[in-house]
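The values are calculated or read from the model by the stated rules, or taken from the named source; none is laboratory data. All figures in this text were calculated on a predicted structure; none of them were measured in a lab. A quick note on method: Cβ atoms are made from the backbone with ideal geometry, for glycine too, and the neighbour counts reach across all protein chains shown. The area values use the complete protein model at the heavy-atom level, side chains included, leaving out ligands, DNA and RNA. Shrake-Rupley method; radii C 1.70, N 1.55, O 1.52, S 1.80 Å.
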Amino acid sequence: MNAYDIIIKPVITEQSMEDVADKKYVFQVAINANKTEIKAAVEEIFGVKVAKVNTIRTLGKVKRTGAYPAGRRAETKKAIVTLTADSKTIEFFEGMV
């Protein structure tokens with residue numbers, strides 16, 4: 001599994017954009033990726049130093065499909081990546097704040 005398989009996409013919300021000032025970035029990651037893999041992938045893709053990685057795993061919601069059986073949304077996993085104080089920022093998020 002390479003770095004681009006681990007980091008799926010950035011999560012752009014009001015709260016995640018407020019955390020950019022504190023050098024915290026939120027990404028949707030592969031469901032089976034662990035913290036060390038996420039740290040290595042972010043450092044490889046963006047060329048930054050990662051201090052800490054927190055992960056959140058959400059279960060898929062059950063949704064009605066109009067008939068039996070009910071469907072289910074996919075499970076997702078988010079990673080909140082905190083960069084070190086001396087690390088550069090991620091340029092992708094620069095114009096969004």
* Structure fact -> Contact list, first residue from region 18-44 and within 24 Å of Ala74 (Cβ to Cβ), second anywhere and among the hydrophobic types (A, V, I, L, M, F, W, C) and surrounded by fewer than 14 Cβ atoms within 10 Å (Cβ to Cβ), beta-carbon distance below 8 Å, six or more apart or interchain, is Ala30/Met1; Ala33/Met1; Glu37/Met1
* One residue from Lys77, Lys61 being touching a residue at least 40 places away in the same chain (Cβ under 8 Å), basic (Lys, Arg) and in contact with a strand residue (DSSP E or B) (Cβ under 8 Å, 6 or more places away or on another chain) -> Lys77
* To do: Go through region 1-26 and count every residue that is open to solvent by less than 30 Å² (accessible area, probe 1.4 Å), more than 17 Å from Gly95 (Cα to Cα) and of a type outside the set (Gly, Ala, Ser).
  => 2
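Would you mind stating whether Lys52 is surrounded by fewer than 17 Cβ atoms within 10 Å (Cβ to Cβ), touching a residue at least 40 places away in the same chain (Cβ under 8 Å) and not small (Gly, Ala, Ser)?
Criteria not met by Lys52.
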* If we keep just the residues of region 70-90 that are among the charged types (D, E, K, R) and within 17 Å of Val11 (Cβ to Cβ), which is nearest to the chain's Cα centre (by Cα)? -> Lys78
* To do: For Ile31, state whether it is modelled with pLDDT of 90 or more and open to solvent by less than 70 Å² (accessible area, probe 1.4 Å).
  => yes
* In region 57-77, the residues that are modelled with pLDDT of 90 or more and either aromatic (Phe, Trp, Tyr) or open to solvent by less than 70 Å² (accessible area, probe 1.4 Å) (or both) -> Thr58, Gly60, Thr76, Lys77
